[in-house]
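Engineer: A single structure is presented below for examination.
The values are calculated or read from the model by the stated rules, or taken from the named source; none is laboratory data. Just so it is clear, the structure is predicted and the values come from calculations on it, not from any experiment. Cβ sites come from the backbone with ideal geometry, for glycine too, and all protein chains shown count toward neighbours. The accessibility values were calculated without ligands, DNA or RNA, using every heavy atom of the protein model including side chains. Shrake-Rupley method; radii C 1.70, N 1.55, O 1.52, S 1.80 Å.
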Amino acid sequence: MTDSRTAPTGRPRHRVVVLALDGVIPFELGIPQRIFGRARSPEGARLYEVITCSVRPPGPVRTDADFDIMVENGPEAIATADTVLIPASYKLGPVYEQGTLTDELRAALAYLRPGTRLVSICTGAYVLAAAGFLDGRPASTHWTSAAHFQRTFPRIKVDADVLFIDDGDVLTSAGVAAGIDLSLHIVRRDHGMAIANDVARIMVVPPHRDGGQAQYIQRPVPDAQLATTTGARAWALARLHEPIQLRDMAEQESMSVRTFTRRFREEAGISPGQWLVQQRVERARHLLESTDLSVDQIAQNAGFGTAQSMRQHLQAALGVAPTVYRRTFRAVDGEGGGDGRNGGPGAQTCVTALDGPSAPAGPAGRPRSRSRSRSRSTGSPDLPVPDRSTA
């Protein structure tokens with residue numbers, strides 16, 4: 001009999017174990033299956049196996065809705081996980097109130113194997129924090145809980161503005177739909193942009209969203225009579241290969257540079273220059289994965305001007321050089337590629353580069369990244385714009 005975890009290619013599927021706690025939010029509980037469950041290789045093989053478990057023996061788990069769910073796996077399933085994902089719950093009890101684990105949670109997390117990737121959606125970050133997995137690390141949660149999260153866990157570097165944070169072996173997201181952004185990011189990190197984009201198309205969601213959680217925090221509403229910056233963004237995307245000046249983008253909306261910059265930040269959550277770098281990095285990634293163009297040609301096409309400029313920006317955003325990124329994801333698509341499992345080819349090297357082979361161990365023996373990638377909507381950090389652009 002064929003192992004259920006073995007794909008038709010003979011490679012083991014990456015197992016994602018979702019921990020369903022009492023009070024779990026059904027929408028967020030369903031995200032992993034919807035995203036990871038639909039990721040396929042170019043040959044059509046499933047790339048992930050998603051199972052759900054409880055902190056108790058198999059049985060019903062109460063949701064925050066008017067129904068229970070029947071969970072068929074107990075906490076021992078965590079011992080089989082390559083990735084453990086914890087969605088939000090409205091009944092975290094002492095985890096939320098005092099920042100301490102319940103006995104059930106402590107016993108369940110004891111099944112974790114060294115090297116297991118940890119992921120949380122929304123207030124699921126409280127569980128990782130209470131277990132000590134986020135000490136001294138950056139993390140995100142829903143913006144309404146960010147201040148309480150910081151008070152409860154002062155050793156964590158809380159960022160309430162981003163959609164998610166990728167810190168290598170531990171990833172946290174903001175609230176609700178940001179779990180979709182993070183899950184797509186993980187697929188993109190494991191298997192490349194093309195596969196993640198295919199999943200996004202099936203889900204009828206954008207492959208990545210501009211800006212961060214900051215754009216959803218309640219603030220005074222901008223004047224509804226003012227024009228948006230959508231047209232300028234579409235104009236810029238059609239001209240990424242050209243030098244783009246900030247004043248040129250502002251002129252598309254008949255705004256002054258100052259007004260345009262303010263409006264752009266209100267709508268996208270980042271500056272025009274940061275947004276432009278993100279789009280150019282994404283264009284370069286796509287071309288590295290899908291074409292045989294040289295690095296110099298891709299640098300020109302993406303608007304970086306020179307190969308050196310593109311290398312600097314991709315190194316800062318992804319942690320690797322263009323040739324390494326291309327080799328990783330061309331290998332994933334070919335016969336000799338990685339399977340997306342932690343530690344294997346194509347698993348993490350495209351996002352966070354470890355500082356040498358002897359990086360210090362994090363919680364549960366997981367390697368801790370020294371050069372952390374604080375991902376916003378596309379994984380691009382706060383960067384200066386390319387040499388040939390002033391936007």
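Engineer: Which of the following residues is touching an Asp or Glu at 6+ places or on another chain (Cβ under 9 Å) and either within 30 Å of Val205 (Cα to Cα) or hydroxyl-bearing (Ser, Thr, Tyr) (or both): Leu118, Leu171, Leu128? Walk me through how you get there before you give the answer.
Structural biologist: On the way: Leu171 fails: touching an Asp or Glu at 6+ places or on another chain (Cβ under 9 Å); Leu128 fails: touching an Asp or Glu at 6+ places or on another chain (Cβ under 9 Å).
Step by step, each of Leu118, Leu171, Leu128 is checked, and only Leu118 is touching an Asp or Glu at 6+ places or on another chain (Cβ under 9 Å) and either within 30 Å of Val205 (Cα to Cα) or hydroxyl-bearing (Ser, Thr, Tyr) (or both).
Engineer: Next question. What's the number of the condition Arg56 fails, among (1) open to solvent by less than 50 Å² (accessible area, probe 1.4 Å); (2) closer than 11 Å to Leu21 by Cβ; (3) assigned to a loop (DSSP other than H, G, I, E, B)?
Structural biologist: (1)
Engineer: Also, quick follow-up: Could you identify the single residue in Gly192, Gly179 that is on the phi > 0 side of the Ramachandran plot and not basic (Lys, Arg)? Outline the logic, then answer.
Structural biologist: Numbers: Gly179 fails: on the phi > 0 side of the Ramachandran plot.
When all the criteria are applied, what remains is Gly192.
Engineer: Another one. Closer than 30 Å to Ile195 by Cβ, open to solvent by less than 20 Å² (accessible area, probe 1.4 Å) and modelled with pLDDT under 95, is that true of Ala307? I'd like the intermediate steps shown before the answer.
Structural biologist: Working: closer than 30 Å to Ile195 by Cβ: yes; open to solvent by less than 20 Å² (accessible area, probe 1.4 Å): yes; modelled with pLDDT under 95: yes.
The answer is yes for Ala307.
Engineer: Residue by residue through the stretch 316-332, note down the ones that are touching a residue at least 24 places away in the same chain (Cβ under 8 Å) and surrounded by fewer than 19 Cβ atoms within 10 Å (Cβ to Cβ).
Structural biologist: Ala316, Thr323, Val324, Arg330
Engineer: Here's another thing I want to ask about it. Go through the stretch 249-283 and report how many residues are part of a helix (DSSP H, G or I), closer than 27 Å to Ile298 by Cα and β-branched (Val, Ile, Thr).
Structural biologist: 2
Engineer: Among residues belonging to the stretch 143-168 that are touching a residue at least 60 places away in the same chain (Cβ under 8 Å) and in contact with a Gly (Cβ under 6 Å, 6 or more places away or on another chain), point out the one that is nearest to Ile121 (Cα to Cα). First the steps, then the outcome.
Structural biologist: Narrowing the stretch 143-168 to residues touching a residue at least 60 places away in the same chain (Cβ under 8 Å): 143, 159, 161-168.
Pick out the ones that are also in contact with a Gly (Cβ under 6 Å, 6 or more places away or on another chain) and you get 161-163.
On the way: Asp161: 15, Val162: 13, Leu163: 10 Å.
Of everything passing the filter in the stretch 143-168, Leu163 is nearest to Ile121 (Cα to Cα).
Engineer: Report whether or not Arg330 is within 25 Å of His14 (Cβ to Cβ) and either of a type in the set (Asp, Glu) or modelled with pLDDT under 90 (or both). Show your work before the answer.
Structural biologist: Working: within 25 Å of His14 (Cβ to Cβ): yes; either of a type in the set (Asp, Glu) or modelled with pLDDT under 90 (or both): yes.
Taking the combined requirement at face value, the residue satisfies it.
Engineer: Further, regarding this structure: Considering every residue within the stretch 285-298, establish whether at least one is among the hydrophobic types (A, V, I, L, M, F, W, C), outside any loop (DSSP other than H, G, I, E, B) and closer than 22 Å to Gly168 by Cβ. Before you say what the answer is, go through the steps one by one.
Structural biologist: Initial filter on the stretch 285-298 (among the hydrophobic types (A, V, I, L, M, F, W, C)): 287-288, 293, 295, 298.
From what is left, the residues that are outside any loop (DSSP other than H, G, I, E, B) are 287-288, 295, 298.
Right, trim to closer than 22 Å to Gly168 by Cβ and you get 288.
Checking the stretch 285-298: at least one residue is among the hydrophobic types (A, V, I, L, M, F, W, C), outside any loop (DSSP other than H, G, I, E, B) and closer than 22 Å to Gly168 by Cβ.
Table: residues versus (1) touching a Gly at 6+ places or on another chain (Cβ under 8 Å); (2) hydroxyl-bearing (Ser, Thr, Tyr).
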site	(1), (2)
Met70	yes, no
Gly74	no, no
Lys91	yes, no
Gly124	no, no
Leu128	no, no
Ser140	no, yes
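Engineer: Quick check on the stretch 181-204. Is at least one of its residues more than 30 Å from Thr291 (Cβ to Cβ), open to solvent by 10 Å² or more (accessible area, probe 1.4 Å) and out of contact with any His (no Cβ under 6 Å at 6 or more places or on another chain)?
Structural biologist: Initially, the stretch 181-204 is screened for residues more than 30 Å from Thr291 (Cβ to Cβ), giving none.
No - not one qualifying residue is present in the stretch 181-204.
Engineer: May I pose another question? For the stretch 240-252, enumerate the residues that are in contact (Cβ under 8 Å) with a residue 24 or more places away in the chain and open to solvent by 30 Å² or more (accessible area, probe 1.4 Å). Talk me through it step by step, then tell me what you get.
Structural biologist: If we filter the stretch 240-252 for residues that are in contact (Cβ under 8 Å) with a residue 24 or more places away in the chain, which is where we start, we get 240-246, 248-249.
Across the stretch 240-252, the qualifying residues are His241, Glu242, Pro243, Gln245, Leu246, Asp248.
Engineer: Take the stretch 10-68 and flag every residue that is touching a Phe, Trp or Tyr at 6+ places or on another chain (Cβ under 6 Å) and of a type in the set (Phe, Trp, Tyr).
Structural biologist: Of everything in the stretch 10-68, those that are touching a Phe, Trp or Tyr at 6+ places or on another chain (Cβ under 6 Å) and of a type in the set (Phe, Trp, Tyr) turn out to be Phe36, Tyr48.
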